[in-house]
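Read the structure below first, then the notes.
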Amino acid sequence: ACLDSHLAQNGPRLSDLLWADTLRESEFYFPMEQLKSGALGKVLASHRQQRNNNAEIESISLEADKGVLQGMMHGFIDLVFQWQDKYYVVDYKSTHLGDQLGDYGHSALDQNIRDNYYDLQYLLYSLALHRYLKNRRTDYDPQEHFGGVYYLYLRGMSPGLDSGIFNTDISPQLLAELDALFSNTISEESAYV
């Protein structure tokens with residue numbers, strides 16, 4: 001059922017992807033240069049607000065909110081795939097939200113993503129993929145090549161339905177803001193901070 005579910009209208013199914021167009025369990029490292037955790041919380045809050053059509057969103061307080069993070073960010077992306085010259089981040093979730101496919105609708109997935117800070121997770125994954133593509137494709141343009149993010153709640157996926165599938169776009173502006181934030185080159189004019 002998971003392999004045969006379309007990820008978006010007119011989009012691919014996992015079963016449509018060629019092995020050569022995928023990276024599985026992609027490990028990444030990138031430096032954090034005097035990253036202010038409060039600034040990261042503001043970026044996340046702004047992203048949440050934009051995703052929810054500018055509805056007022058609570059301020060986000062990350063642990064060590066007044067602290068500065070330095071070192072290496074390390075993680076693994078479940079799947080990166082290329083489809084029609086765009087690249088996507090995929091994360092699999094086996095979270096139990098209920099026993100019916102209806103329990104895995106858009107609002108339930110969105111709430112689960114916010115409650116568990118999976119949106120922060122996918123922003124980090126998106127930054128890792130963005131930096132990878134900048135180094136690997138000489139013609140890389142995030143507007144043209146960065147496709148977005150899918151979080152696949154495996155228990156809710158079914159062919160012909162869009163249940164269990166969360167997806168969102170990541171704007172080139174947001175990618176640039178994240179890149180600058182983690183490089184400690186964020187400007188005062190930033191839309192997010």
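The values are calculated or read from the model by the stated rules, or taken from the named source; none is laboratory data. Computed from a predicted structure; not experimentally measured. Cβ coordinates were reconstructed from backbone atoms using ideal geometry, including for glycine residues, and neighbour counts include every protein chain displayed. In case anyone asks, the SASA skips ligands and DNA or RNA and just uses the protein heavy atoms, side chains included. Shrake-Rupley method; radii C 1.70, N 1.55, O 1.52, S 1.80 Å.
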Of (1) 28, 21, 14; (2) 33, 25, 18; (3) 32, 20, 16, the label for semi-axes √(5λ) of the Cα gyration tensor in Å derived from the coordinates: (1)
Kyte-Doolittle at least -0.5, axis length at least 24 Å by Cα - qualifying DSSP helices, the chain: 118-136
The chain - mean residue ellipticity at 222 nm from DSSP helices (-39,500 (n - 2.57) per run, n ≥ 4, rounded to 500): -9500 deg cm²/dmol
Given 11 as the ceiling on other Cβ atoms within 10 Å, longest exposed-site-free region of the chain for GluC sites (Glu not before Pro) in DSSP loops: 64-187
Beta bridges by DSSP in the chain, antiparallel share as percent, to the nearest 5: 75
Accessible-area composition of the chain, carbon plus sulfur, in percent [1.4 Å probe]: 47
Rounded Å value of the spacing that divides the Cα centres of the stretch 102-151 and the stretch 10-52: 3
Estimated FRET transfer efficiency when R0 is 45 angstrom, pair Q34-L154 (beta carbons, to 0.05): 0.70
Mean accessible surface per residue for the chain, computed with a 1.4 Å probe while every protein chain stays in place, in Å²: 53
